[in-house]
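*Asks:* The following block contains the structure, expressed as structure tokens.
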Amino acid sequence: MLLCTYRPGAYFFEQLDSVLAQSYKAFSLWISDDSPDDSAERALDAYRQRTDDFAFKLVQGPRKGFAANFLSLICQDGLSADYYAFCDQDDVWSEEKLEVAVEALSQYAPDTPAVYCGRTLLTDEEGHVIGYSANWQKKPHFANALVQSLAGGNTMVLNRSARELVKKAGDASIVSHDWWVYLLVAGAGGHVIFDREPTIRYRQHDTNLVGANTSLAANLFRIKMLFRNRFRTWNDTNTRALAPVQHLLTPENRNRFQSFLNARSGNVISRLYHLRKSGAYRQTLMGNLGLIIATVIGKI
């Protein structure tokens, strides 16, 4: 289990309680701390006084943001397991979270990259349910990963082969670790399992680094950011990271990637032609209309 921390606050102990309460017990906990002080160490020491069952390995994070912290942690040389679960510091896991993920992943051969992910149950700061994350209907695919992240990293569990794939890709500058895993696993022809039944409670609060983004206001904000180049900036980051490791992709997906690169330059007819050739798609009708508009105005 891979937990990243940054000045853990009031909800940290509740998350640790849910981790220790897992029905699947065969796990070890690695923690990478990005805090600029000893707040995480003090919190962990305080929690350790509450239970005899709490063991972990603590490493220093790279202090380059949450994505770099998770990527650094999963690439640690000392790690060795059959499955690797990302863990945020302020969620609450259902007791069966790991068990469900491992059961889903176990249907695939260990030498085939596979990642489990899914929806989340959204709660307010006090833990009251306020909704669900998006229930995507379209099949996970590299063509989708090119333009959209599918699920939060806090839901992701990778098998050994998927972890090795991430490690082969190395220390990349990325938008987010969850989007990067989706790109790599789907791009390499691996399996992406999207579970529509939530197994974590994703707490929404003022200090979330990444919120659920499911409201009308969030959708309008994304449209606004489209015209301010945020989507293009994200794609700049992802394509720069993916270009040096595209040998890890299947031949078909290398061609998709090249078509997507071509869709980001040239005249409008050429851009639309190569977007269609890439097969890139988002999960909703409005998302796909936005993708076409972004292509027309040169914002992808």
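The values are calculated or read from the model by the stated rules, or taken from the named source; none is laboratory data. These numbers come from a predicted model, not from an experiment. Here the Cβ positions follow ideal geometry from the backbone for every residue, glycine too, while neighbour counts run over all protein chains shown. Just the protein is used for accessible areas: all its heavy atoms, side chains included, with ligands, DNA and RNA removed. Shrake-Rupley method; radii C 1.70, N 1.55, O 1.52, S 1.80 Å.
*Asks:* What lysines could a cross-link reach from Lys97, if we take a straight Cα to Cα line under 25 Å and drop same-chain neighbours fewer than 8 places away?
*Replies:* In chain and number order, the partners are Lys25, Lys57, Lys138, Lys139, Lys167.
*Asks:* What distance in nm lies between label points placed 7 Å from Cα along the C-beta direction at Gln246 and Phe54?
*Replies:* Distance between label points: 4.8 nm.
*Asks:* Now for a separate question. How much length would be gained if the chain were fully extended between Arg232 and Gln76, taking 0.36 nm per residue of separation minus their Cα-Cα distance, in nm to one decimal?
*Replies:* On the way: separation 156, 0.36 × 156 = 56.16 nm, distance 3.09 nm.
Answer, rounded to one decimal: 53.1 nm.
*Asks:* Let me ask something else. Given the Cα-Cα distance of Glu164 and Gln107 and 0.36 nm per residue of separation, how much length would full extension add, in nm? Please report the intermediate quantities before stating the final value.
*Replies:* On the way: separation 57, 0.36 × 57 = 20.52 nm, distance 1.85 nm.
Full-extension gain reported as 18.7 nm.
*Asks:* Next up: Which residue fluctuates the most in the chain, going by a Gaussian network model with Cα springs under 10 Å, if the choices are Leu261, Leu44, Leu289?
*Replies:* With Cα springs under 10 Å in the chain, the top fluctuation among Leu261, Leu44, Leu289 is at Leu289.
*Asks:* Continuing with this model, one more query. Taking the Cα-to-Cβ direction at Lys25 and at Gln258 and moving 7 Å from each Cα, how far apart do the two end points lie in nm?
*Replies:* 5.4 nm
*Asks:* Let me ask another. Counting only heavy atoms of protein chains, what accessible area per residue, in Å², does segment 33-75 have with a probe of 1.4 Å? Walk me through the numbers before you get to the answer.
*Replies:* Details: 2360 Å² over 43 residues.
So segment 33-75 comes to 55 Å² accessible per residue, rounded to a whole number.
*Asks:* Compute the acute angle (0 to 90°) between the alpha-carbon long axis of helix 268-278 and the principal axis of greatest extent of the alpha-carbon atoms of the chain; round to the nearest 10°.
*Replies:* On a 0 to 90 degree scale, this one is about 50.
*Asks:* Among DSSP beta bridges whose residues both lie in the chain, state the antiparallel percentage, nearest 5.
*Replies:* Working: 10 of 28 bridges.
Antiparallel bridges: around 35 percent, rounded to the nearest 5.
*Asks:* According to the square roots a ≥ b ≥ c of the eigenvalues of the Cα gyration tensor, what is the shape class of segment 1-114, taking rounded for a/c under 1.5, prolate for a/b larger than b/c otherwise, and oblate for the remainder?
*Replies:* Values: a/c = 2.04, a/b = 1.31, b/c = 1.56.
Since a/c reaches 1.5 but b/c is at least a/b, the shape of segment 1-114 is classed as oblate.
*Asks:* Could I ask something else about it? Please give the calculated 222 nm ellipticity per residue for the chain, where each DSSP H segment of at least 4 residues contributes -39500 (n - 2.57) and the sum is spread over every residue; nearest 500 deg cm²/dmol? Mind showing how you got there, number by number?
*Replies:* Details: 12 runs with 121 residues, N = 300.
Calculated at 222 nm, the ellipticity per residue is -12000 deg cm²/dmol.
*Asks:* On to the next question. Shape call for segment 73-150 from the C-alpha gyration tensor, a ≥ b ≥ c root eigenvalues: rounded (a/c under 1.5), prolate (a/b greater than b/c) or oblate?
*Replies:* Values: a/c = 1.78, a/b = 1.25, b/c = 1.42.
In terms of gyration-tensor shape, oblate.
*Asks:* Length gain on complete extension for the stretch Glu125 to Ile292, per 0.36 nm per residue less the alpha carbon to alpha carbon distance?
*Replies:* 56.4 nm
*Asks:* Expressed as an acute angle from 0 to 90° and rounded to the nearest 10, what is the orientation of the C-alpha long axis of helix 39-48 relative to the principal long axis of the chain?
*Replies:* In the chain, helix 39-48 runs at an angle near 50 degrees to the longest axis.
*Asks:* Rounded, prolate or oblate: pick one for segment 55-97, where a ≥ b ≥ c are the square roots of the eigenvalues of its C-alpha gyration tensor, a/c under 1.5 means rounded, and failing that, prolate if a/b is larger than b/c, else oblate. Write out the running numbers ahead of the final one.
*Replies:* Values: a/c = 1.94, a/b = 1.29, b/c = 1.51.
Because a/c hits 1.5 or more and a/b fails to exceed b/c, segment 55-97 counts as oblate.
*Asks:* Could you sort Lys139, Lys299 by their accessible area in this structure, using a 1.4 Å probe and putting the largest first? It would help to have the intermediate numbers written out before the result.
*Replies:* On the way: Lys139 150, Lys299 45 Å².
Of Lys139, Lys299, the descending order of accessible area is Lys139, Lys299.
*Asks:* Which of the lysines could a cross-linker span from Lys299 if the Cα-Cα distance has to be under 23 Å and same-chain partners fewer than 8 positions apart are dropped?
*Replies:* Lys224, Lys277
*Asks:* Further question on the same structure: Keeping all protein chains in position, work out how much accessible area Asp37 exposes to a 1.4 Å probe, and write it in Å² to the nearest 10.
*Replies:* Estimated to the nearest 10 Å², Asp37 gives 60 Å².
*Asks:* Compare Phe260, Phe70, Phe54 in a GNM of the chain, Cα atoms joined below 10 Å, and give the one with the largest fluctuation.
*Replies:* Taking springs between Cα atoms under 10 Å, the residue moving most is Phe54.
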